[in-house]
Every structure is written in C-alpha cells, then in structure tokens.
Ligand SMILES: [Zn+2]
Ligand SMILES: [Zn+2]
C-alpha cells in the first residue's frame with residue numbers, strides 16, 4: 001500500500017476571474033478523504049471536471065468572508081440537497097456567523113434539505129482533529145478580521161501543508177512556514193501593481209515579496225496562487241519575481257492542475 005496526498009487547483013485567480021482562471025479554491029485529497037478549501041462559484045462543475053465526486057467531500061475550510069471565497073456555498077448545498085450527507089464547515093467565528101446567515105437566507109438549513117451542514121468555529125492558534133490522520137491548526141492573518149490561514153498535519157504521509165489564504169506579508173505565517181513541507185501562499189500580482197496601488201500593501205502579497213520571505217524562511221516547496229484578474233500580467237512575470245530570491249521547489253499552478261504533477265508516491 002502506498003500513501004498519497006494530492007492537491008487540486010479548482011481555481012487560481014483573485015477576486016476577478018479571467019477566461020481561463022476562476023476564483024481560488026482547492027480540493028485536497030488525502031487517502032480516501034476529500035476536503036475543500038474555500039468555495040467560490042461553479043464548484044460542483046469544477047470538482048466533476050477533475051474527476052472527483054462532490055458528494056464525497058466531507059469537510060470545507062473557509063479562509064474568510066470575502067465573496068470570492070464563499071459565494072459558491074449556497075449553490076453547493078442547494079445542488080446536493082437530495083444527498084443524505086453532512087458537510088462540516090470550518091471557519092473563524094466571524095466566518096461561521098456569516099455562513100449561518102448566508103445558508104438561512106437561502107433556507108438551506110431546513111428539514112427538506114437532506115444535505116446537512118455543521119458549522120465549526122476555529123480560533124487562531126487552535127488545533128482541531130479532522131480525522132484519525134488529519135489535524136488542522138488555524139492562524140489569523142491581517143487581510144481581514146475574519147481571515148485564517150490553515151496548517152494541515154497530514155499524519156498518514158508525515159507532512160505539513162500550510163495555506164495562507166489572502167494575506168499581506170505576515171511574519172508569523174513565515175515562522176510556521178519554516179517547518180512545513182509545502183507552502184501555498186497568495187501572490188496576487190507583481191510588485192509594480194503594489195507601487196501603482198499602495199492600498200494593496202496592507203491586504204495582499206506581491207510575487208516579489210513572497211519570493212523574498214519564502215527564501216528567508218527556508219521554505220522547501222512553494223506554490224503561489226490568487227492571481228489578480230483585473231490587472232494585466234503573465235504568470236511568467238510572477239515566476240520571475242519569485243525566482244529573484246527563492247531557489248526552492250516552485251510550482252506555478254493553472255486551473256484544474258494537480259500537484260504533485262507526477263503523482264509521486266510519498
Ligand atoms: Zn480573495
Ligand atoms: Zn479577501
């Protein structure tokens with residue numbers, strides 16, 4: 001028996017989708033478990049396009065309350081309303097409160113909805129057991145009052161994977177990143193857009209800053225994501241800015257990509 005974990009990029013753009021990139025979200029496969037990180041639109045279609053079954057997803061982690069990360073949730077629950085299943089939804093107390101309102105707005109927690117949702121608050125610094133071989137720790141980030149990064153301990157393969165969510169450069173996140181096997185971190189745009197729009201500096205990270213901070217923290221494997229669709233740049237520019245400082249393993253994802261690419265066995 002070989003152990004495996006796989007990350008699927010259901011979307012890689014920021015708030016504005018493009019013709020080829022949808023809002024950022026991930027499907028995490030760990031052995032038989034299927035977990036979602038964030039839930040923008042057309043989520044059912046995207047899960048099916050990568051050959052997975054939406055009804056097999058048991059857990060959803062929400063990073064924060066911005067629409068590009070949660071607006072697909074009512075549609076997910078509505079789509080699966082005939083399925084006898086429970087979805088555990090994790091988020092900060094603020095996120096969980098908004099999700100409750102969102103689901104109730106669409107009457108998606110009523111007896112005619114077979115697909116149940118269990119909302120679970122997780123505080124910054126708190127660690128929760130998801131299954132026998134999976135734990136998650138939350139870390140608040142300064143992007144928004146509801147924002148959490150998630151650190152997954154994948155015990156079956158002995159690895160730690162850290163997801164930043166949306167965030168400006170945040171040193172405590174890179175302290176955690178020193179120990180991890182994989183860092184998935186936003187790199188919303190090249191540095192020149194942060195000079196043109198300085199207000200971005202307190203809420204997002206440029207590809208140049210990400211490369212610098214990942215290099216200083218000795219990050220082994222880095223995957224940038226959440227690329228803005230509303231300004232014009234290429235992923236080659238993102239890669240070049242990261243590579244200006246960072247020499248570790250780097251993967252620049254496209255929508256519906258899998259990582260590791262070669263389905264390497266752990
Ligand atoms: Zn976002
Ligand atoms: Zn955001």
Q | Degrees, to the nearest 10: 93-105 long Cα axis against longest axis of the chain | A | 50
Q) Using the C-alpha gyration tensor of region 109-225, what are the square roots of 5 times its eigenvalues, in whole angstrom, with the largest one first? A) 28, 20, 12
Q | region 6-144: Cα Rg divided by the 2.2 N^0.38 Å rule of thumb | A | 1.00
Q. Rounded to the nearest 5, what % of the DSSP beta bridges within region 5-255 are antiparallel ones?
A. 50
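So if the hydrodynamic radius of region 190-266 is defined as the Kirkwood radius over C-alpha pairs, what does Stokes-Einstein give as its diffusion coefficient at 25 °C and 0.890 mPa s, in µm² per second? Present the calculation step by step, with values, prior to reporting the outcome.
On the way: Rh = 13.4 Å.
D, rounded to a whole number, is 182 µm²/s.
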(Q) Quick check on the chain: helices-only [θ] at 222 nm, where DSSP H runs of length 4 and up contribute -39,500 (n - 2.57) each and the sum goes over total residues. Nearest 500, please. (A) -6500 deg cm²/dmol
Q | Value of relative contact order over the chain, rounded to a whole percent, pairs C-alpha under 8 Å and six or more apart | A | 19
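What percent does the relative contact order of region 65-216 come to when contacts are Cα pairs within less than 8 Å and at least six residues apart?
Values: 253 pairs, mean separation 23.5, N = 152.
Reported relative contact order: 15 percent.
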Q) Between residue 118 and residue 257, 0.36 nm times their residue separation minus their Cα-Cα distance comes to what? A) 47.1 nm
Q) Once you treat every alpha carbon in region 1-76 as an equal point and sum by Debye, what is log10 I(q)/I(0) at q = 0.18 Å⁻¹? A) -0.66
Q. Mind checking the angle between helix 207-216 and the chain's longest principal axis? C-alpha axes, 0 to 90 degrees, to the nearest 10.
A. 80
Q: Once you've got the GNM for the chain with C-alpha springs shorter than 10 Å, pick whichever of 229, 125, 211 has the biggest mean-square fluctuation.
A: 125
Q. Mind checking which of 131, 153, 215 has the largest fluctuation in a GNM of the chain, springs on alpha carbons under 10 Å?
A. 131
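Please give the length that would be gained between residue 157 and residue 16 if that part of the chain were fully extended, namely 0.36 nm times their separation in residues minus their C-alpha to C-alpha distance (nm, one decimal). Please list the in-between numbers first.
Details: separation 141, 0.36 × 141 = 50.76 nm, distance 3.50 nm.
Going from the current span to full extension adds 47.3 nm.
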Q) Expressed as cubic angstrom per residue, what is the convex hull volume of the alpha carbon set of the chain? A) 122
Q: With springs connecting C-alpha atoms under 10 Å apart, model the chain as a Gaussian network and identify which of 70, 57, 113 has the largest mean-square fluctuation.
A: 113
Q.
If R₀ is 45 angstrom, what is the calculated FRET efficiency for the pair residue 106 and residue 178, using the beta carbon separation as r and rounding to 0.05?
A. 0.60
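Every number in this text was worked out from the coordinates using simple rules, so none of it is lab data. Please read all numbers here as calculations on a predicted model, not as lab measurements. Cβ sites come from the backbone with ideal geometry, for glycine too, and all protein chains shown count toward neighbours.
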